[in-house]
Amino acid sequence: MRAIAKFVSCLALAAMVWAEDAQPSAQDRLTRAKQLYTRDGPKTALPEFEQALKMFQTSQDRLGEAVTLGYLANCYRKLEDLNKALDFAQRALHMKEDLGDRDEVGKTHNQLGLIYWEKADYPAAVQHLQQAIEIASTAQDKALEGSARNHLGLVFDERGDYKQSLEQYQRALELHRSTHFERGEGDTLGNIGGAYLL
């Protein structure tokens, strides 16, 4: 009887260890949240991003935390809560600047430019997008530069400066084509058509 009890006790301990090992890491949570975002949208993904954020904070992974804050900002932007989006993006930017991660800083400036565009604060949008373009150009990050130039074109459209917007779209199109980024190319072609329509 004792042998059986000892065996059951060992099995229970092994199950507990296995269960702990089976818990997803913060990075696993972040990956799952991104998949949910792509498949089901921001509302479904939001709790997963929030859980990943807590896990990164607990493990004191500041880069993971900063990146996740950026994803949360994007969720709230898509859910049209621009003030929350702005708060999360600004927190992400400060952390990324403290960490000295220029690539991530550039991505967040691009994101902030888009948020400010949606808030109709065009001077702030231009400022952030130009910073993203400068960082991307220095780092030769054509994908980021193409995205930021495309977003800058949207701002110029809103201001009625179609000459400037078309210049930005044309440059964005060249960059997207050079990296074979078809979705970016398609978005930019749509924006070029929109500028001519306007």
Quiz prompt | Positions within the range 42-86 being out of contact with any Leu (no Cβ under 9 Å at 6 or more places or on another chain) and either hydrophobic (A, V, I, L, M, F, W, C) or not in a helix (DSSP H, G or I) (or both), in sequence order | solution = Ser59, Gln60, Asp61, Glu80, Asp81, Leu82
Practice problem: Would you check if there is a residue in the range 177-192 being more than 26 Å from Leu72 (Cα to Cα), in contact (Cβ under 8 Å) with a residue 12 or more places away in the chain and outside any helix (DSSP H, G or I)? | Solution: yes
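Of all residues in the range 99-133 being charged (D, E, K, R) and touching a residue at least 12 places away in the same chain (Cβ under 8 Å), which is surrounded by the most Cβ atoms within 10 Å (Cβ to Cβ)?
Taking the range 99-133 and keeping what is charged (D, E, K, R), we get 101-104, 107, 118-119, 121.
From what is left, the residues that are touching a residue at least 12 places away in the same chain (Cβ under 8 Å) are 101-104, 107, 118-119.
Numbers: Asp101: 17, Arg102: 15, Asp103: 13, Glu104: 20, Lys107: 24, Glu118: 15, Lys119: 15.
In this case the residue turns out to be Lys107.
I'd like the full set of residues that are of a type in the set (Gly, Ala, Ser) and crowded, with 16+ Cβ neighbours inside 10 Å, limited to the range 160-198. Lay out the reasoning, then the answer.
Our first condition is that a residue be of a type in the set (Gly, Ala, Ser); within the range 160-198, this holds for 160, 165, 172, 178, 184, 186, 190, 193-195.
Within the range 160-198, Ser165, Ala172, Gly184, Ala195 qualify.
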Quiz item: When the residues of the range 97-140 are filtered to those that are assigned by TED's automatic domain parsing to the domain that holds Val155 and β-branched (Val, Ile, Thr), which remaining residue is farthest from Arg62 (Cα to Cα)?
Solution: Val126
Exercise. Starting from the range 69-94, take each residue that is at positive phi and list its partners that are in a helix (DSSP H, G or I), counting only C-beta distances under 9 angstrom and pairs at least six apart or across chains.
Key: Glu80/Glu118
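The values are calculated or read from the model by the stated rules, or taken from the named source; none is laboratory data. Given the structure is predicted, the values throughout are model-derived calculations rather than measurements. Reconstructed Cβ throughout: ideal geometry from the backbone, glycine too, with neighbour counts over all protein chains shown.
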